[in-house]
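The structure appears right after this line, and notes come after that.
No lab work stands behind these numbers, since they all come straight from the coordinates. Quantities reported herein were computed from a predicted structural model and do not represent experimental measurements. Note: ideal-geometry Cβ built from the backbone for every residue, glycine included; neighbour counts use all protein chains shown.
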Amino acid sequence: MMQKPPTMPIARVRFRRLAGLLGVLATLGLPRPAAAQDRRNEQFYYPGAFNWQFLANYAEAARLFNAFDYGHAVLYEKLLTKPAHLREELEQKQFNYLTRDLLIRPPRFAIAEEVVEPSYAKLVWQAKQMFDWAHLLHRQVYDVYADERLTPAARDSLIERLTDYYLTRRDYAFQPVPKSMALMDEQYYSQVFRRGYPKFNGLIWSYHWLQVGLYEPMIAGQTRVEKKAGVQATLARFWKMMKDPPNSFPKTMPMTSAVAPRFSAAHPRAAVIFDNLHMMHDIISDILAADTVPRERKRSVIYAALAEFRDTTRNVMTLDEWRGMGGMMGGIAAMGGPAIDLVTPSPAAAVPGDARAVSGVAMPGMSSGTSRGTPPCNTAGDKQKLELYERMMGDPVIRARMQADTVLRRLMADVPDSTCVRARAKPAPAANVRSPAVPRRVAPKSNSLSRKPHPMPAMPGMGQH
Amino acid sequence: MPLIRLITRCLRTSLPGLCLTLGLTRAAAAQIDYRNLDDDRPTTIEDAYPIERYAFEIQAPYRYERVAGGSELHLTVPELEYGLASNAQIGFNVPFASVRGRADVVGPDGSIQQIGSSRTGLAGLKVFGLYNFNTEGRLLPAVAIRGDVSFGVGALGGRGTRAALKAIATRSWGATRIHLNLARGFGSETGLGAADPLSRLTYGGAIDRTFLRQSMLLIGEIYARQSLAGAPTEVNVGVGVRYQWRTATVLDIGVSRRLRALGPDLALTIGLAHAFGVAGLMPGHR
C-alpha cells in the first residue's frame, strides 16, 4: 500500500511547537522549594486482609468517621474563606447540617475532602496530607481490632507494624513523641476558635472523643458480641453528647490517654500520634480563625506548626507527663467521659477548653452527690431500685463481675439519667475513672512542660504573647 | 506467560471484568478512587493525578462501538497500573478486539478503508507512564505528562510501533473540575491496530462533577482526534459516570458519539477498576 509522502518540515514544526508547549507546562509545574506549589505525594496504605473490616462489621460507627471528615473539612474551608456571617454559618447552618443530617445519614465511603475544602486544600496541601495519613492509621487500627480472624497478639503486632509503616513517611507523619500543650494553648493565636465558636468546637472534640474512645470497647470486648455491644454503648454516649450542645460536649480536648487508657497502654506510640493529630486540628482551627494571623501568612504559620509536630526534639514531654495530662486538663469527665466505663457527671468548665480553668481544684458549677440536677427518689419503686442497686454493688463479687462484663456495664451505662438510681449511683471502682471534682494531679517531673508550658521557641511565622 | 493465560481465560467468560477484578479479593484501595479519571475510563480525557505510590490498579473494561455501515467493534482492554514512585505511575494494557461486519479504519494514505468481515484477536500491547508535577495550587492547575508506546502485537495489533506524549492539566472549583488533554502521536503510520491506536493528534476537554454522598462522578467531554497525518479529524462527545461500588472497586459507564462523519455512531463502555497493594513491596515491610 502506498504511503502518503511525509510532510516532514510541517510535522517537525508542529512537533517542536508541541514539545515547547509541554516544556512550558512542565516548567510551570516543576516543584520548587518555593512555596506555593505543593507536590501531590499520595501514598497507598499498608495492604492486608484486615483492611475495611471495621466498615464491614461496624458500619454504623465507621460511617460516622466519614461524616467527621466532612465536618473538619467544611470548618477549615469556612474559616479560611470567611463568608459573611461566619459565626452563624458555622454555629447554626453547618452545625445543624452536620448534627441533624450528615451524622444521621453518613456517607458510605470516605468523602473527597478537596471538594469540601477546595481553597484550604490548595493553600496547605501538606496539612491535608498529614491529616489524611494519620486518619488512615486511625482507620487501619480499627480494621485490625475488627478483624476476628486475628489473635490478640497478632492484632498488637500488626498495629505496631502499621505504626512503623506510618512513620516511614517522615515528611507527613506526626511523631510518636508527646508534644507540649503550649503549642496548642499558649500561642498568640491560641483558643480563638474555641472561644468564638463553642458549639462547633465542642462538636469537633466530640468527634475526637469517639475516634479514640471507640478503641476501648474493641479491646475490652472478648467476643464479637461483646465488642458489638460495647461499640453500641460508646456510640450511645456520643449521641448523648449531641442532645444538649454545647453543654453536653467535652469541655477540654479529649486526650487519648484518658479516654482510651487500654489502647494507650497497649500502643502508646499510636496514642501519642493521635493526640498530636488532634492538637494540630485545634491549632489549625485557631490559626485560620485568628485575625492576628493575616491571610497571607496563614500558610506559613500552619506549615511552621506542622514542622513543629514533626520535630521530636523540641517542646516535648515524657510519656509519664503525657499520661498525666488528662488530670491536668480537668479529668476524664471534662473530656466527654469514659468511653465504656461508668459515666460520671460532666463538669462545666468556666471557659470551654481552658485546661487551666478546670484543672486541679474544685471547679465552679460542679456538683456531687444529691445536689442540683439529681432527681429525688420519691416513689416507692425508685427507693426499691436504689436499695437493690446498692445491695448489688455492695457485694464485691457482683461488682467485680459487673466490671468484667462489658454487656452489664453497657446496660448500667444505658440506664436513663432520670432514674434516681443512676443519678445517685457512685461510679464503680474502675481503672481510669475518677471523680471529676478532684482530678488527680500529676506528680511533678523535672522539666515538666505540662506544669508550666514553655513558650514556644521562635518558629517561622509564629509569635509570642 | 501466566498473565496472558489468565487474561485469555477470563476473556473467554461472559464477565471478563468481574473475573479480573474480583480475582484479587484481598486487596483494598482508596475510597475516593472514583475521582481518578483514567484514559478511556469511561472518557477519553483523563485527569492529571496518578494513582498513589505503591498502589496497583487493575482495570477490566468492555467497549462496544457501532460505526457507519453497521460494523461493530467489541473491545476489552485489561490494564494494570502501579504507583512506581511519588507522583508517578506506570502500566500496560493488552487490547483484545473482535470486529464484526466491515469496520472502517483510516489507512496510511489517510483514506477510510474497510477491514475484515469478522476477526477476533489481540490488538496490540501498550505500555505507558504518567508523571504529575504538582497538586493544584492557588494559581496553577495540576499538571502531568504521560508517555505511551504501543507495539503491533496480535492479529489486530497492526504492524508498526507508535508512541505518544500527552500533556494533562486539571483545575477544580469545589465539586467541579475541568481537565484539558493534548496528545501527539508519532512513529509508524502503516498498519495501525484495529482498536485503541495511538492517534497522531488528540486534544479535548472534560468537565466533571463530584457527588460526595453518593461517591459518584459525572463526566462530560468533547475531543478531537486525527488518527494519522492527513486523515480527517473526528470530533466526539461523551458522557460517563464513575461510581464507587465497593471500598476498593469503581464501576464506570460511558457513552459517546461522533459529531462529524468519522467516529462511532454509538460507543458504550462499562468497566471495573480495582485497587490493591502488595505488602512485600511496601517500605518497612517485615
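The table for this structure:
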| read-out | value |
| --- | --- |
| 3J(HN,Hα) from dihedral phi, the stretch A:89-104, Karplus parametrisation 6.51/-1.76/1.60, rounded to Hz, x for glycine, proline | 4, 7, 6, 10, 5, 5, 4, 5, 4, 5, 7, 9, 10, 5, 5, 6 |
| Test item: A:108-120 mean partner chain Cβ contacts at 10 Å | 6 |
| Per-residue HN-Hα couplings for the stretch A:255-272 [Karplus 6.51, -1.76, 1.60; θ = phi - 60°; Hz; x = Gly/Pro] | 9, 4, 5, 8, 7, 10, x, 5, 5, 5, 6, 6, 9, x, 4, 5, 4, 5 |
| Gain in span if fully extended, A:Glu88 to A:Arg195, counting 0.36 nm per residue against the direct Cα distance | 37.1 nm |
| Shielding score for B:140-147, defined as the mean number of other chain Cβ atoms within 10 Å | 4 |
| Neighbour-count order for B:Asp208, A:Asp147, fewest beta carbons within 10 angstrom listed first | A:Asp147, B:Asp208 |
| Amide H partners (placed H, <5 Å) of B:Asp39, local residues excluded | none |
| Under-5 Å amide H pairs with A:Gly330, H placed in peptide plane, nonlocal only | A:Gly360 |
| Neighbour-count ranking [beta-carbon atoms within 10 angstrom, fewest first] of B:Phe128, A:Phe274, B:Phe151 | B:Phe151, B:Phe128, A:Phe274 |
| Whole-Hz couplings from phi, Karplus 6.51/-1.76/1.60, listed for the stretch A:133-138; x for Gly and Pro | 5, 6, 5, 5, 4, 3 |
| Neighbour-count order for B:Thr190, A:Thr163, fewest beta carbons within 10 angstrom listed first | B:Thr190, A:Thr163 |
| Long-range HN-HN contacts of B:Leu125 with modeled amide H, under 5 Å | B:Phe151, B:Val153 |
| Sorted peptide list for B:66-76, A:126-136, criterion being average Cβ within 10 angstrom, highest first | A:126-136, B:66-76 |
| Violating pairs (Cα-Cα greater than 32 angstrom) within the set A:Lys93/A:Lys179; A:Lys78/A:Lys228; A:Lys78/A:Lys243; A:Lys128/B:Lys166; A:Lys128/A:Lys251; A:Lys82/A:Lys179 | A:Lys93/A:Lys179; A:Lys78/A:Lys228 |
| Cα→Cβ-extended label distance, 7 Å offset, between A:Ala265 and B:Leu268, nm | 6.2 |
| Distance between modelled label sites at B:Tyr62 and B:His74, nm, 7 Å Cα→Cβ extension | 0.8 |
| Model label zone, A:Ser119; criterion: amide N under 16 Å from point 7 Å along Cα-to-beta-carbon; scope the stretch A:53-74 | A:73-74 |
| Full-extension gain in nm, A:Thr318 to A:Asn96, via 0.36 nm per residue minus C-alpha separation | 75.9 nm |
| The stretch A:132-258: relative contact order in percent, alpha carbon pairs under 8 Å with at least 6 residues between | 23 |
| Inter-label distance, nm, simple model (7 Å from Cα along the C-beta direction), A:Ala59/B:Ala279 | 2.7 |
| Length released on extending from B:Ala155 to B:Arg257, taking residue separation times 0.36 nm less the Cα-Cα span | 34.0 nm |
